[in-house]
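Just so it is clear, none of the values below were taken in a lab; they were calculated from the coordinates. Remember, it's a predicted structure, so these values are computed and weren't measured experimentally. Glycine also receives a Cβ, built like all others from the backbone with ideal geometry; neighbour counts cover every protein chain displayed.
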Amino acid sequence: MENILVDDILEKVDEIVDLIKCDSNYRKYQMLKDDISKNKEIMVLISDVKSLQKKLVLLEYEKKDTTDVSNTLNEIVKSLYAIPLYNEFINTQEEVNEVFQQVKFFIEKIINDKVK
């Protein structure tokens, strides 16, 4: 009995995933993600951001001055957002994440209503 329930749930989850994958924003997100991964300028900037974030965390942990690293990080982030492809990717990613949150909320609500 338990395996049947799990199988049914997994089947429904697969259906939801398929619906999400068909969504135009999700497809656009995947395309932009692929375009970004091929863009050397963006990838270098992202790598620089990650490196500076690690450095910033370490400096904060050591209670050292973070001003220079923080300023450099902010400048690189501004440079990233000045690139239309990156900006479009971030906006689309936010839209896709919102859909995920809505689906999660909707499923939780239905389960909570049914269990009451």
Among Val115, Ser51, Phe100, flag the residue with its Cα farthest along the positive direction of the charge dipole of the chain, charges on Cβ as +1 for Lys/Arg and -1 for Asp/Glu. Ser51
How large is log10 I(q)/I(0) at q = 0.09, 0.18, 0.22 Å⁻¹ when the Debye formula is applied to the Cα atoms of the range 2-115, each weighted equally and without solvent? -0.44, -0.95, -1.15
Set Lys12/Lys33; Lys28/Lys109; Lys40/Lys78; Lys40/Lys64; Lys54/Lys78; Lys12/Lys109, cut-off 21 Å on Cα-Cα distance; pairs above it are Lys12/Lys33; Lys28/Lys109; Lys40/Lys64
Pop a pseudo-label 7 angstrom from the Cα along the beta-carbon direction at both Gln53 and Ile20 and give the gap in nm to one decimal. 2.0
Treating only Lys and Arg (+1) and Asp and Glu (-1) as charged, each at its beta carbon, one finds that the chain has a dipole about its Cα centre, in Debye to the nearest 20, of 360
In straight Cα distance, which aspartates and glutamates are under 14 Å from Lys50, not counting same-chain residues fewer than 8 positions off? Glu75
Using the beta-carbon distance between Val13 and Asp68 and R0 = 41 Å, what value does 1/(1 + (r/R0)^6) give for FRET efficiency, to the nearest 0.05? 0.30
